[in-house]
Structure formats: C-alpha cells, structure tokens
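Take a look at the following structure, please.
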Amino acid sequence: MTSSKRGDDDARTEIIHDVDYPLDVPDASGSGTAAATGNAATTAFPAAGRTDYSQFSESGGYDMSAPLPFGEQPTTIAPGRNDEIGRRGTIDLGLFVLRLAVGILLAMRGLQKLAGLFGGPGIDGFTQTLADSGFDQARALAITGGAVELVAGVMLVVGLATPVAAAGLLGIVGLGIAVRLTGADPIPVLSDTARGLEPSILYAAALVTLLFAGPGRWSADRKWGWSHRPRFSGIVWLVIVLVLAGVLWYFLNGTNPLTSSADSPPVTAG
C-alpha cells in the first residue's frame, strides 16, 4: 500500500510547472514566433475557457437538435452518379438484348415496306394496303411509316434518343393494330396458321417497357439520367404518341377500330 504526502504533491506540481513548452509557435499572421513579435494570440492553441459546453446534455452525450459549437451543421453527402447507377446487375444486358431484338425486327419491317426486301410488299403494295384500309394520302403514309420503322429501329439498336424512337415505333405498331382490326378478314389473337395480333401486341409491350425502363447504360443515351432511371419521360412520350396516332387516324381514316359492326371483322382467340 502506498500513501500520498503533501511533499509528493508539491513535487508533482513543480515538475508540471517546469515543463518547457515550446515558444516557437506561429502567430495569427503565420510568420515569426509569438515570443519574437510579442503577439500572444496564436492559431495553434485556442484560448482556454471559451468553449461553450451548454450544448451537452447533463445525462451525457451531445444534443443533436442544437447547432454544433465548433462548425457548420452536419450535412448528408449526395451520392455521386456512379453510386446511383451502380449495382444494377444484368439489367443493362437485358435491356440491350430487348433493344437489339425489337430494333432489328422493326427495321427489317421498314425495309419490307420501303424496298420490298425480306418478302415485303414494297411501297406500291403497302400503299395499296393503306388505301384499302380507308386511308387518304396512302402513298405519303406508306413512305413515312416505312421510314419511321427503319430509322427508329436503328436508333433503338444503338440506344440513341431511345424515348423518341420507342414512341415512334409504338405509334406505327398501334396504327398497324388498328388497320388489322378494321380489315375484312377475321383477326385471331393467337393462331398457328395465320398472323394474328400476337406479334403486334408483343412489339407494343416491349416498346412500352423501354419507354418506362430506359435503354440502360449499354446505349448512346447512357450519359442521360433517364437512360437508367427514367421518371416521367415514359408517361410523357406515351401520351404524345397516343394523341398523335389518334389525330392521324381520325383525319386520314375516320373509322372507329373499337366499334364493332356487321362489316367489322371479329377478333377471335385463335
């Protein structure tokens, strides 16, 4: 057991007082020393007794509702662009495969209408089809429709202006469905022997998916935020294409594909 005597305490106090603190401390101006300039204020050591401890609760810990006594309020650092689009797994690969398949097939359909390739009708045949369906300005519509399918299909494959390309193709596919519904022959939704509405419905679903999901990072649009995280662009372009297709159908065709009549072909299940 040890005991503490007054002499020991005095010795400890003398040792503390005899510590030789360095005097070569930069002053507030950053030049010279405090001893040489006579300026006792330094930037290295704060003056004692000026810290405000009122922000600390009596039970211990810091009161987070009060501002910090020594600086700015803590802030949340917004994640960077790489953090926002990171860890997407194989989503971008899946979107690329979808764009590739839909874009190539619809571009080939455009070549069928424009040049008669891949067993297509060509401009003359497609013009006759539109004229038989009740369209005015059938030849202009045939050229425009084939060009939109070809150009927008290539844009979809590349991932360039994807919302515009997908919306344009969706309008063409929608008009094609309306033409089939107002034709003279019965239209099966599912069929093993005749081309029904199933391919057009699948095209439309894939294009709507790209409108709402974006083209992904494997695209020319990857620098835009809506390429990997679209918000309202899909809804906006969907409304635009529906309005334009409806106006085009109303003024150049005039029939109602949703109204059944004695002359309208029935839609069957197969």
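Which value, in Å² and to the nearest 10, is the accessible area of Thr255 when all protein chains are kept and the probe is 1.4 Å?
70
Report, largest value first, the span of the C-alpha coordinates of segment 132-230 along each principal axis, in whole Å.
Extents along the principal axes, in whole Å: 47, 32, 18.
Solvent-accessible area of Leu248, probe 1.4 Å, all protein chains present, reported in Å² to the nearest ten, please.
About 60 Å², ignoring ligands and nucleic acids.
Spin-label point model (7 Å from Cα, Cβ direction): what's the Arg87 to Phe118 distance in nm?
Distance between label points: 4.0 nm.
Right, here's the next one. Obtain the nm distance between the two label points defined at Ala147 and Phe232 by a simple spin-label model: each point lies 7 Å from its Cα along the Cα-to-C-beta direction.
Result for the modelled spin labels: 3.3 nm.
So, one more: Obtain the radius of gyration and the Kirkwood radius of segment 103-156 from its C-alpha atoms and give Rg over Rh.
Ratio of gyration radius to Kirkwood radius for segment 103-156: 0.99.
How much length, in nm to one decimal, is gained on full extension between Lys223 and Met108, taken as 0.36 nm per residue of separation minus their Cα-Cα distance?
In short, 38.6 nm is gained.
Follow-up question, since we're still on this one. Full extension from Val239 to Asp132: what is 0.36 nm times the residue separation minus their Cα-Cα distance, to one decimal in nm?
35.7 nm
Just read off the accessible area of Trp226 with the full protein assembly in place, 1.4 Å probe, to the nearest 10 Å².
70
The values are calculated or read from the model by the stated rules, or taken from the named source; none is laboratory data. Please read all numbers here as calculations on a predicted model, not as lab measurements. We place every Cβ from the backbone using ideal geometry, glycine too, and count neighbours over all the protein chains shown. Keep in mind that these areas ignore ligands, DNA and RNA; they rest on the heavy atoms of the full protein, side chains included. Shrake-Rupley method; radii C 1.70, N 1.55, O 1.52, S 1.80 Å.
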